[in-house]
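Okay, so here's the structure we're looking at.
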Amino acid sequence: MKVKIANYRSYNAFGTVDEFMEKLGLDWCPGAWLYSKLGKRKVKVKIDPWDIYEGVSSMSYVILPLVKGMRADLFSIHAVDKADVPEVLHKTYDEHGFSLEAWDWVLGEMEFAFEYITEDWIPEDGEEWKRLEERCTNGTVLFGKYFRGFWT
């Protein structure tokens with residue numbers, strides 16, 4: 001597998017974001033729309049046959065650094081359902097329903113899951129294996145649920 005994704009084209013040729021939006025006659029615009037006006041990113045993905053045979057492992061090698069990067073730079077947080085986090089974190093939510101601690105916990109569960117998958121480690125104890133598998137499943141389910149929160 002080879003993945004090459006270029007950075008977004010810069011709007012700096014137009015000055016600041018505010019100057020660019022003023023030139024377009026806008027007061028506000030979503031980032032995706034703004035970047036669409038600047039041109040698409042160059043993306044090149046090559047999938048080899050062996051990547052398909054063990055897709056879970058192959059994708060985990062790509063996802064893990066992304067999750068770790070998001071966790072290291074908690075610039076933005078995603079709203080997390082209280083049902084998805086331990087009860088002890090419920091008191092950390094603000095009046096708008098956001099919690100940095102809850103989002104960090106969710107990212108931690110994702111990180112554990114993808115590390116567990118990439119290490120391909122199986123404990124000898126059946127109870128320990130069951131506990132780790134449940135946590136891994138939880139982390140991948142949370143990844144699917146909160147995937148759209150991966151932006152800063």
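Worth a mention:
- Subset of region 136-152 (residues that are part of a helix (DSSP H, G or I) and surrounded by 14 or more Cβ atoms within 10 Å (Cβ to Cβ)): Cys136, Asn138, Gly139, Thr140, Val141, Leu142, Phe143, Lys145, Tyr146, Gly149
- Here the condition is being modelled with pLDDT under 95, part of a helix (DSSP H, G or I), under 20 Å from Glu54 (Cα atoms) and not β-branched (Val, Ile, Thr); of Glu133, Glu128, it holds for Glu133 alone.
- Residues of region 72-122 satisfying the condition of being of a type outside the set (Val, Ile, Thr), touching a Phe, Trp or Tyr at 6+ places or on another chain (Cβ under 8 Å) and part of a loop (DSSP other than H, G, I, E, B): Leu74, Ser76, His78, Ala79, Pro86, Ser99
- From the options Tyr53, Tyr61, residue that is under 16 Å from Met1 (Cα atoms) and under 16 Å from the mean Cα position of the chain (by Cα): Tyr61
- Of all residues making up region 65-99, the number that are under 27 Å from Thr118 (Cα atoms) and without any contact (Cβ under 8 Å) to a residue 12 or more places away in the chain: 3
- Residue in region 5-18 that is within 30 Å of Thr140 (Cα to Cα), outside any loop (DSSP other than H, G, I, E, B) and either touching a His at 6+ places or on another chain (Cβ under 6 Å) or modelled with pLDDT under 65 (or both) present: no
The values are calculated or read from the model by the stated rules, or taken from the named source; none is laboratory data. The shown structure was predicted, so the numbers you read here are calculated from the model rather than taken from an experiment. Note: ideal-geometry Cβ built from the backbone for every residue, glycine included; neighbour counts use all protein chains shown.
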